[in-house]
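The values are calculated or read from the model by the stated rules, or taken from the named source; none is laboratory data. Please read all numbers here as calculations on a predicted model, not as lab measurements. Note: ideal-geometry Cβ built from the backbone for every residue, glycine included; neighbour counts use all protein chains shown. Quick note on the areas: whole protein, heavy atoms, side chains included, nothing else; ligands and nucleic acids left out. Shrake-Rupley method; radii C 1.70, N 1.55, O 1.52, S 1.80 Å.
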Amino acid sequence: MSSTVDLHMHSSASDGSDSPAELAGKVNGAGIRIFALTDHDTLEGARELTAFFRKDASEDLKFIPGIELSSMTDRGLWHILGYCCDPDDRLLGHAIREVAERRSRKTQIRIENLQKNDGIVLTQEEKDWIFSHQSPGRPHIGQVLVKRGLVSSVYEAFATYLNSAHSPVPARTSRIEAALAIDGIHSAGGIVSLAHPLGGEGEPHLPPDQFETHLDELVSLGIDCLECYYSRYTQQEVDYLLECARSRHLLVSGGSDYHGTNKNIPLGRLNAGDIPVRPEQLTILKKIL
């Protein structure tokens, strides 16, 4: 049974497979009553749904606009979530433009790797389509490879052509400084949460001593919240993160990291055991609803 709240999901505005409107429909059909769209490095999908819900307000479905900024510190790579930001804020806009330029460069390197490593040369039309997206990346290259019949799915494209071992890209190519991400979100009146803090999909999970060193640095930079509930985390990991949040006076958030068919993660799954999480367990909601 999935939770009725999910504060971390992606649409086709970044690297998800569902359009923002399609995602909203699936959220409603899944019985989720409170949800956030947190596309990578763009607010365009959130703008679309904000306008939709402003026009067709629903008492049964609460939408929270968000963003997930690709960031870094000297110690590590991080995904910084921002909720309820003013999309027209100058500093946040600067951060988004900066990360967009870096993301485009990373995507260009992947395209070059396809030619160098696999002899796959994309047409100008294919490249134009990839870079027409607000947040171009691996899923869009993967969709091109599916259309060509080279793979059967975007997931297979990741595993075969676009993984780090086969198509290496310098890790910090598409990242901005975490301080800029955090300051931009705060400048826009938003709340900052650290996404999948122990490690995201397919990443090794950090041991406690290493994680807490990183966490304390990010707390000093101003994060407000910790994503304690996450689709790939065990109950033991969830409990550990809740204690980390409590001891540092951080708010608690949670989300699935849903990407549609581009990742095997169901809507509303906020832990590995798919144990329902109640909205009141996510203390960030007291600040944004």
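Net charge in the neighbourhood of SER193 (other residues with Cβ under 11 Å of its Cβ; Lys, Arg +1, Asp, Glu -1) is -2. Of ASP274, ASP257, the residue with the largest accessible area leads and the full order is ASP274, ASP257 (1.4 Å probe). Residues of segment 1-38 with the amide nitrogen closer than 18 Å to a label point 7 Å from the Cα of ALA51, along Cα-to-Cβ, please. Output list for this probe position: 11-14, 19-25, 37-38. Residues considered: CYS244, CYS85, CYS228. Largest GNM mean-square fluctuation over the chain, using C-alpha springs under 10 Å, is found at CYS244. Here is the list for segment 148-256: GluC sites (Glu not before Pro) lying in DSSP coil, each with at most 16 other C-beta atoms within 10 angstrom of its C-beta, are GLU201.
The GNM of the chain, with springs linking C-alpha atoms under 10 angstrom apart, assigns the highest mean-square fluctuation among SER12, SER247, SER193 to SER247.
The candidates VAL146, VAL121, arranged from most to least accessible area with a 1.4 Å probe in the full protein assembly, appear as VAL121, VAL146.
Using a probe of 1.4 Å, the accessible surface attributed to THR4 totals some 50 Å² when neighbouring protein chains are kept in position. Calculated from the structure at hand, Kirkwood radius over Cα pairs in Å is found among [x] 19.8; [y] 21.5; [z] 19.2 as [z].
With a Förster radius of 22 Å applied to the C-beta separation of LYS116 and ASP74, the computed FRET efficiency comes to 0.10.
Note on segment 1-128: antiparallel DSSP beta bridges, both residues inside, total approximately 50 percent of the bridges counted.
Calculated mean residue ellipticity, 222 nm, the chain: -12500 deg cm²/dmol, from DSSP H runs (n ≥ 4) at -39500 (n - 2.57) each, averaged per residue and rounded to 500.
Taking Cα centroids, how far is segment 46-70 from segment 174-202 in Å? Value for the Cα centre distance between the two parts: 20 Å. Under the Karplus relation 6.51 cos²θ - 1.76 cosθ + 1.60, θ = phi - 60°, what is the ordered set of whole-Hz ³J(HN,Hα) values for segment 243-254, x standing for Gly and Pro? Per residue, the Karplus-derived 3J(HN,Hα) values read 5, 4, 5, 4, 5, 10, 6, 9, 5, 10, 10, x Hz.
To the nearest ten degrees, helix 178-187 and the longest principal axis of the Cα atoms of the chain are 60 degrees apart.
Applying both filters, DSSP loop and at most 15 other Cβ atoms within 10 Å, to the trypsin sites (Lys or Arg not before Pro) of segment 40-142 gives ARG75.
Separation of segment 230-271 and segment 96-127, taken as the distance between their Cα centroids, equals 31 angstrom.
The DSSP beta bridges internal to the chain are antiparallel in roughly 40% of cases. Summing +1 for each Lys or Arg and -1 for each Asp or Glu among the other residues whose beta-carbon sits under 11 angstrom from that of ARG75 gives -3.
Restricting segment 41-97 to GluC sites (Glu not before Pro) that sit in a DSSP loop and have at most 10 other Cβ atoms within 10 Å of their own Cβ leaves GLU59. With R₀ fixed at 30 Å, the C-beta to C-beta distance from GLU125 to ARG246 puts the FRET efficiency at about 0.05.
For the pairs LYS26/LYS55; LYS62/LYS147; LYS62/LYS127; LYS62/LYS106; LYS55/LYS147; LYS26/LYS127, flag any whose C-alpha to C-alpha distance is greater than 26 Å. Where the Cα-Cα span goes over 26 Å, the pairs concerned are LYS62/LYS147; LYS62/LYS127; LYS62/LYS106; LYS55/LYS147; LYS26/LYS127. Average accessible surface for the chain: 44 Å² per residue, computed with a 1.4 Å probe over protein heavy atoms with every protein chain in place. Expressed as a whole percent, the accessible surface of the chain that belongs to carbon and sulfur atoms is 50, based on a 1.4 Å probe.
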